[in-house]
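The block underneath contains the structure these notes are about, expressed in structure tokens.
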Amino acid sequence: MDDSARMWITAVPPFGPDDIGVLLALDLTSQDPGERMVSVLLNRGHEGEEGVFYLLPADLSARYERTGERLAVSLTASRKVLDHDLADQADSLRDHLAGLPSDDADDDRVTLLRRELVTDFVPAVVDGEKQAVLLIDHAGPAPLDELLSEFDQGEASLAVLYAE
């Protein structure tokens, strides 16, 4: 699926119909190493409302970038945190992590996932903090209405990521 089929500007329950923001889909069955590493890091989330997990910026965070009419969101994580969390992995994720270049803004961080779409949406900034990015996890590719239905049925969860 292309980025525009896995990134939306929308209102997301349980945050309400007036709280428009960025929602990214994360396929828990994906073979993509970046998606698989993000999935591992979701275990670090702290549950808030039912089915909603909050992650500390040191564990997983998002970065907004705008180029013309395109809004991009990158998910970054600490190489040290990933190395620790992948210690028990029997597959090639650790090798993939070793090959990832460091993030330009922070030598310890790596970019795991980047999505973009054409939109005029500008994330809100409140008290100097950029609007959080929401990540919905699910099994297999799915359109937005199906993902939200899975969340309502308790078959998907939301992660709230600090954004820079």
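The values are calculated or read from the model by the stated rules, or taken from the named source; none is laboratory data. What you are looking at is a predicted structure, and each value in this text was computed from that prediction instead of being measured. Positions of Cβ are generated from backbone atoms using ideal geometry, with glycine treated the same way; all protein chains shown enter the neighbour counts. Ligands, DNA and RNA are stripped out before the accessible areas are found, and what is left, the full protein with its side chains, is counted by its heavy atoms. Shrake-Rupley method; radii C 1.70, N 1.55, O 1.52, S 1.80 Å.
Defining a contact as two alpha carbons under 8 Å apart and six or more residues distant in sequence, what relative contact order in percent does the chain show? Mind showing how you got there, number by number?
On the way: 298 pairs, mean separation 51.3, N = 164.
Relative contact order for the chain comes out at 31 percent.
So how far, in whole Å, is the C-alpha centre of region 48-75 from the one of region 91-164?
Computed from Cα coordinates, the inter-centre distance equals 5 Å.
Given a 1.4 angstrom probe, what's the average accessible area per residue across the chain, in square angstrom? Mind showing how you got there, number by number?
Values: 8320 Å² over 164 residues.
Accessible area per residue: 51 Å².
Tell me the relative contact order for region 120-164 as a rounded percent, counting alpha carbon contacts under 8 Å between residues six or more apart.
Rounded, it is 47 percent for region 120-164.
In region 7-162, if the dipole is taken from +1 on Lys/Arg beta carbons and -1 on Asp/Glu beta carbons about the Cα centre, which of Leu26, Val12, Leu100 is farthest to the positive end?
Going by the Cα projections, it comes out as Leu100.
Given the protein chains as shown and a 1.4 Å probe, how many square angstrom of Arg94 are accessible, to the nearest 10?
100 Å²
Sorting Thr67, Thr29, Thr119, Thr111 by accessible area (1.4 Å probe), largest first, what list results?
Thr67, Thr29, Thr111, Thr119
Take the solvent-accessible surface of the protein heavy atoms, probe 1.4 Å, and return the percent of it on the chain that carbon and sulfur atoms account for.
Result for the chain: 49 percent of the exposed heavy-atom area is carbon or sulfur.
With N set to the number of residues, divide the alpha-carbon radius of gyration of the chain by 2.2 N^0.38 Å and report two decimals. Don't skip to the end; give the middle numbers.
Details: Rg = 15.2 Å, N = 164, 2.2 N^0.38 = 15.3 Å.
With N residues counted in the chain, Rg over 2.2 N^0.38 Å equals 0.99.
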